[in-house]
Every structure is written in C-alpha cells, then in structure tokens.
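One structure is given below, encoded as structure tokens.
Every read-out reported here was derived from the displayed coordinates using simple, explicitly stated rules and does not represent laboratory data. In this text, all values refer to a predicted model and were calculated from it rather than measured experimentally. Because the Cβ atoms are built from the backbone with ideal geometry, glycine has one as well, and the counts that use them run over all protein chains shown.
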Amino acid sequence: MRRNQLGGQIGTDPIFTPTSHTGRPPPPMTAPFGRPRLTLSTEEQALFDGQRGPTLQKTIRAVVDYGEIFGASRLIPLRGAPHHAVSWGSRGIEPLLRLYRDLADAGLRTYAPFTSNPKPMDPVHLPMDPDQLTALEGVFGFMEELERLNLELGMRSPRDWSCACYEPEMGNTPEFGDYLAWSESSAVSYVNSVIGARSNRNPIGIDMLCSILGKAPYFGLMTDRGRQATWLIDVRTSRLHQVQVLGSAIGLRVMEGIPLIVGLDRFLSRTAAISNGYFKDLGAAIAGNGGASLIHIEGVTPEAIRWGRDLLRDGFETYVVDDDEIERVHAGYPNLWRNRHGTPKRVYLGCPHLTVEQMREWARRIIDAVDAVGGSKIGIPTSLFGSPYVRSAFKARHPELADRLKELGVTIPSSCPMMWCSTPLEDAELVATNSNKTRVFTTARFFNDDVLTDLIVTGELSKGVG
Amino acid sequence: MSKPERGMTPRVFRGRPVFTGAATGLAAVSSIPFDTCASYVDVLISGARSGLCRDTANEELYEHDLIDTILCIPQTIGSNSATTLWMTLVEQGLAPRALCLANSIDATVASGLVLADHWIGRRVVTVDSLGLEFLETVKTGDTVKIREDGTVEIRPTESN
C-alpha cells in the first residue's frame with residue numbers, strides 16, 4: 001500500500017487553485033460588509049419559519065445562508081433533474097450521511113429523480129484481486145448506506161451513476177435556460193456551455209438540499225451578468241490539437257474567468273463535437289485546471305451563437321493560443337510517479353465518462369493497432385470508462401467491436417477512474433491516461449492518444465517518452 | 001506594499017462577518033492557501049481525533065495543533081470532500097475556534113460551516129475579505145479578538 005500522495009483528496013473535484021469553487025469569481029466585497037439579505041416569497045418564508053417542520057426549516061435556512069454568502073438575491077425554482085457529486089462512501093462523508101438520514105426520515109425527496117457521479121469501484125467490470133478488494137472496501141465502507149439513502153431520497157435507479165449523466169443514453173439532459181443546482185464540475189460545465197442551462201458549481205450537501213427544496217440561490221452563473229465572458233481566447237493553432245491540452249492551457253490561464261473561445265469553429269461542427277466528446281473533455285479540462293464552469297465557443301455554443309462577441313464584458317482580457325503555446329503547456333506537466341521512469345501498470349481512458357462514439361473510436365484504434373502487429377492480446381490492463389447506459393448502447397450498436405475488445409482484454413467499467421487513482425492501492429500508482437482532469441487530481445501521467453495506443457499494444461512506453 | 005510595522009499596539013482590521021460571533025484566541029497563520037483535506041488527512045482517512053496539521057506542503061502549520069486556534073489564511077483549497085470534513089471537525093471538537101480569511105470565503109468551506117451551523121448546531125466564527133495586509137500583520141501566537149461586526153483586533157505577543 002502507498003500513502004495517498006495527494007493527502008487524502010478523495011472526491012471527484014479537488015481544486016488546488018485559490019478560487020471560489022462556485023465556477024466563477026465572487027463579486028469584490030466592499031464596505032459596508034454586512035451580508036446582503038436574500039428576499040423570500042411568502043411560501044419560502046413559511047418554510048424558513050418552520051411551518052412545515054424542522055427538517056425543511058434547517059434545509060431552507062442552510063440554503064439561504066449559503067446563498068447570502070455569495071450574494072444571492074433570491075431563490076429560483078429548479079427545472080430539469082438533479083445530478084449529485086457524492087458517490088464515494090468513505091469515512092469522510094459520515095456527517096453528510098447523517099444529514100441524508102435526517103432528510104429521509106422526514107420523508108423528504110428531491111424535486112425530480114436524480115442521478116449521481118460514478119462509484120469508486122466496479123468489481124464486475126474492473127476486477128480486483130482479493131487484497132485490493134478488501135482494501136477498497138475498507139476505504140469505501142459506507143457505499144451501501146450511501147446507495148440506500150440516495151434511493152430513498154429520489155435517485156432514479158441503482159444504475160444511474162455516471163459523471164456524464166447528460167449523454168442521451170443516460171438521459172439526464174436539461175434544456176436551454178433550465179436552472180439547476182449541480183455539483184460535478186465537468187457536468188456543470190457541459191450543461192452550462194453546450195446546452196445553455198444555468199448552474200453554479202455547488203458544493204456537496206448544498207446540492208442535495210437545493211434538490212430537496214427544488215430551489216437554489218440565484219447568483220453567479222445563474223444570472224445574465226454572471227455568464228458574460230471575461231476572457232477572449234484566440235485560438236490560432238494550425239490544427240485541432242488534442243482537446244485535453246487546449247482545455248488545460250485555457251483553464252490554467254483564466255482560472256474562474258469565463259472564456260469566449262474564437263477560432264475553434266474552423267475545426268469543429270457542433271454535432272460532431274458533441275458526439276465525439278470534444279466539448280465534454282474541453283470543459284472538464286478547463287474546469288479541472290482552473291475552475292471555470294462555463295465556456296462560450298464562437299459560432300458553436302448556444303449563447304455564443306445568439307449573442308456573439310457581445311458576450312464579452314468590458315475590460316475583458318485576451319489569451320492567444322498557438323501551436324507553441326500548446327507545446328509549452330504540455331511540456332510543463334510534471335511526472336508525479338514515484339518511480340519516474342517506471343513502466344505503467346494501467347491505462348485509463350474516460351474521465352469524464354466516454355460517449356458511445358468515443359468508445360467506438362478507441363475500440364477501432366486499439367483493434368487496428370493490435371492487428372497491425374499481429375497480436376492477440378493487449379500489453380497492459382486497459383479500461384474504457386463509461387456509464388452502464390453507454391456501455392449497453394456501445395455493445396448494441398457495435399457488437400463486433402465490443403466482442404473483439406473483450407477478446408483482447410479491454411474492460412469497460414462504469415466506475416470513476418480518478419477516484420480509483422486516489423486510493424491507497426499500490427496499483428493506483430503508474431497509471432497512464434489521456435484525461436487532463438485525472439492528471440491534475442491524481443498522480444496519473446498524461447500522454448497523447450498516439451503514445452497511449454502504442455503503450456496499450458506493447459505494454460511499454462515508446463523510446464523517448466518515458 | 002511595504003511590510004507593515006509591528007509594535008505592541010493592537011492593529012485592527014475590518015472584514016465581512018460570514019458566520020457572525022465573537023471569539024478570542026491565539027492565531028495560527030498560513031500565508032499559503034490552506035488545503036483542508038491534506039491538513040486533516042488523519043481525520044479524513046483514519047478517523048483520528050486530532051487537530052494536528054499534517055500537510056507537509058504547509059511549512060508554517062505542519063504539526064501545529066489547530067484546535068481552538070484562530071486560523072488566519074488567504075483561503076482554502078482542496079477536495080470537495082472538505083465540506084464534510086469541516087462538519088466532522090466541528091462535530092468532534094477538532095475545528096479551529098474561528099477562521100479569518102484574507103480573501104473571499106470559498107464554496108467548500110462555506111458549505112461545510114453552513115451545514116455544521118444548522119445540522120450540528122455549532123458555529124465556527126468566520127470573517128473573510130480581511131485583505132492581504134491583515135495576513136502580513138498577524139503572526140502565529142498573536143492574540144486575535146473577533147467582534148460580531150467583523151472587526152478583528154491583533155495583539156502581538158512579545159516573542160513576535
């Protein structure tokens with residue numbers, strides 16, 4: 001066993017940058033310093049005064065207090081369905097489980113059936129040896145209780161654990177203009193940016209309380225002004241680079257600012273970028289490396305199509321990204337493996353969870369590469385992570401690819417690769433990935449797709465890479 | 001900005017009272033953002049009943065017992081599981097007595113302290129937006145007195 005190198009950062013969204021963690025910066029605080037009061041409707045005031053019981057009273061009071069801290073003016077009704085980030089039943093979430101138990105005992109349920117982030121383990125599709133299983137069951141000893149409480153409080157079904165809940169196969173897909181109180185950073189970024197729904201990045205606990213109330217504090221990314229761009233990102237690259245590095249470059253620069261990206265529409269069609277996961281991975285990389293939970297892309301995302309460069313706020317800053325800048329950012333990624341030149345033990349692809357098309361592309365890529373060298377098995381344990389719905393759809397639409405992947409030894413788990421990398425398992429060391437989010441939040445190393453393909457086939461890093 | 005002079009006279013700063021209340025105690029100061037999960041990793045992972053800071057990256061506070069201190073920091077960073085960690089710290093009496101933040105409070109610690117306030121019934125007095133000069137002035141071991149209106153008074157110890 002190794003001690004977690006990141007100091008026990010178990011969770012899905014560690015943020016190591018000094019930001020507000022709400023997805024955009026708070027307004028500057030100026031005197032007088034008193035907390036602004038949030039205006040309540042008559043019905044909300046009745047809840048606040050305890051007329052519908054002490055648990056709902058605590059619920060609305062906590063949401064109101066939280067909102068007032070960030071300058072919310074009122075509560076706003078939520079639409080669409082909730083999605084929650086808490087998916088790991090570790091010792092650290094015991095107080096939250098007691099809060100959940102309070103809510104369930106009071107007979108409360110969320111305003112609509114909700115989905116949740118992926119579990120930390122998938123023993124069926126990501127097999128572990130008995131020692132590993134015992135170790136992880138020790139770390140995540142409260143999983144059953146979390147799942148039971150989630151289902152009591154309104155979780156849609158025991159299958160509904162995935163960070164990419166908005167994929168059509170899973171179907172928790174909000175509509176343009178829906179107000180939400182989601183918490184998973186990559187999902188918040190996706191629904192804000194690609195769909196035009198409105199959600200702040202909510203902390204765990206507050207997401208559930210808002211879902212119980214069916215209302216959330218109105219501030220930040222829920223407001224028109226909070227969605228204006230504070231950065232113009234001028235993409236001048238000669239080609240469409242790997243999205244994960246572009247996203248990382250933007251995230252590291254804008255932090256919690258809101259970027260309007262221009263120059264990407266030379267390479268992207270909206271439809272293709274949705275199905276091949278480009279938007280999903282771009283948003284996750286930006287949110288993971290910085291903290292922004294909304295991106296506008298000129299000519300592509302709905303608010304950028306509607307308002308164009310009028311989205312830019314006065315005094316916006318500009319960042320030019322060219323081929324050299326992409327190279328500079330990529331070259332700056334640290335190698336956090338303790339054995340810096342060790343041979344990788346696993347390849348993990350799918351953080352955030354893959355789309356069906358991404359699964360198809362990786363299947364084709366791996367099969368072609370193995371066939372090219374006349375192989376019959378992959379050279380290193382490799383997993384393509386996706387929701388149970390996406391896995392089923394992939395198998396149904398591409399049965400020959402799914403069968404061949406299975407023969408080669410590629411697994412398709414529905415758990416969270418990043419959380420697995422955050423465990424004290426010896427095997428969690430030396431993971432290779434193409435996910436910038438996993439790179440930022442664990443000790444996994446980032447490689448581009450060509451290097452990973454070669455690694456999957458040979459089990460070794462190409463000369464000059466390691 | 002020139003470094004503020006330190007004498008024995010108290011210095012007073014004004015911030016935003018986030019969780020209002022009065023508190024007095026000894027300062028524990030970090031000039032770098034406070035990583036909650038890394039600092040309390042023993043509580044998070046093994047359930048230790050300890051307030052010792054275990055963040056090896058934080059040279060100023062490493063091995064410092066933070067229970068009942070006035071924790072003076074720029075702001076916090078780290079995993080979203082810090083929300084429940086703050087609840088645990090408050091519930092088990094391991095939390096600092098108060099937080100003084102130079103910058104705006106972030107969502108993770110705000111939610112943890114909101115939930116502790118309402119579900120556990122215990123409040124960690126918190127003042128934010130105190131400014132960087134506050135952080136440059138206060139030293140570990142100074143006596144810090146917080147008033148309900150967000151005024152923070154620093155009384156330097158002689159050794160500082």
query = Computed FRET efficiency, Cβ-Cβ of A:K377 and A:T271, R0 51 Å: what is it to the nearest 0.05?
reply = 0.90
task = Using the Cα centre as the reference, give the magnitude of the dipole from point charges on the C-beta atoms of the protein assembly as shown (Lys, Arg: +1; Asp, Glu: -1; all else neutral), rounded to the nearest 20 debye.
result = 580 debye
inquiry  = Could you compute how fast chain A diffuses translationally, taking Rh as the Kirkwood radius over C-alpha pairs and applying Stokes-Einstein at 37 °C with viscosity 0.692 mPa s? Give it in µm² per second.
reply    = 144 µm²/s
inquiry  = For a test of understanding, tell me how many lysine pairs in chain A have Cα atoms under 24 Å apart, given they are 8 or more places apart or on different chains.
reply    = 16
Prolate/oblate/rounded call for region A:346-458, Cα gyration tensor, a/c under 1.5 rounded = oblate
Dipole of region B:11-155 [Lys/Arg +1, Asp/Glu -1 at C-beta], most positive-end residue of B:G150, B:A27, B:N103 = B:G150
task = Could you work out the mean count of beta carbons from other protein chains within 10 Å of each residue's beta carbon in B:110-123?
result = 6
request  = Could you tell me which of A:L408, A:L336, A:A369 has its Cα farthest along the dipole of chain A towards the positive end, charges placed at Cβ (Lys, Arg +1; Asp, Glu -1), taken about the Cα centre?
outcome  = A:L336
message = How far apart, in nanometres, would the label points at A:E361 and A:R328 be if each is projected 7 angstrom from Cα along the Cα-to-Cβ direction?
response = 2.7 nm
key: Rg(Cα) / (2.2 N^0.38 Å) computed for chain B, rounded to two decimals   = 0.96
ask   = Where the eigenvalues come from the Cα gyration tensor of region A:42-222, what are the semi-axes √(5λ) of the equivalent ellipsoid, largest first, in whole Å?
value = 28, 20, 13
query = Antiparallel as a % of all DSSP beta bridges within region B:11-155, to the nearest 5?
reply = 55 percent
remark   = Share (percent) of C-alpha pair distances in region A:227-308 greater than 14 Å works out to 58 percent
task = Find out how many positive minus negative residues lie around A:S41, taking Lys and Arg as positive, Asp and Glu as negative, among other residues whose Cβ is under 13 Å from that of A:S41.
result = -1
remark   = So the angle from the long Cα axis of helix A:94-105 to the longest Cα principal axis of chain A, reported in degrees to the nearest 10, equals 60 degrees
note = Note, A:G257: beta-carbon cut-off 13 Å, +1 each Lys/Arg, -1 each Asp/Glu, net +2
ask   = Taking the DSSP beta bridges in the protein assembly as shown as the whole, what percent of them are antiparallel, to the nearest 5?
value = 35 percent
note = Sparse-neighbourhood loop hits (trypsin sites (Lys or Arg not before Pro), region A:231-270; DSSP loop; Cβ within 10 Å at most 14 others) -> A:R236, A:R239
request  = Using a 10 Å cut-off on Cβ to Cβ distances, tally the other chain neighbours for every residue of A:91-104 and report the average as a whole number.
outcome  = 5
ask   = What number comes out for the charge environment of A:T355, summing +1 per Lys or Arg and -1 per Asp or Glu over other residues with Cβ under 10 Å away?
value = -3
query = For the modelled label position 7 Å from the Cα of A:E460 along Cα-to-Cβ, which residues of region A:322-356 have backbone nitrogen atoms closer than 17 Å?
reply = A:341-346
query = For region A:231-282, what is the charge dipole size about the Cα centre, in debye to the nearest 20, if Lys and Arg each add +1 at the Cβ and Asp and Glu each add -1 at the Cβ?
reply = 160 debye
ask   = Which length gain, in nm to one decimal place, applies between A:S157 and A:V124 when the Cα-Cα distance is subtracted from 0.36 nm times their residue separation?
value = 10.1 nm
request  = Return P(r) of region A:159-264 (all Cα-Cα pairs; 10 Å bins starting at 0; whole %; ordered from short to long distances).
outcome  = 13, 41, 33, 11, 1
ask   = If you place +1 on the Cβ of every Lys and Arg, -1 on the Cβ of every Asp and Glu, and leave all else neutral, what size is the dipole of region A:346-458 about its Cα centre, to the nearest 20 Debye?
value = 300 debye
message = For region A:389-466, which trypsin sites (Lys or Arg not before Pro) pass both filters: DSSP loop (anything but H, G, I, E, B) and at most 16 other C-beta atoms within 10 Å?
response = A:K463
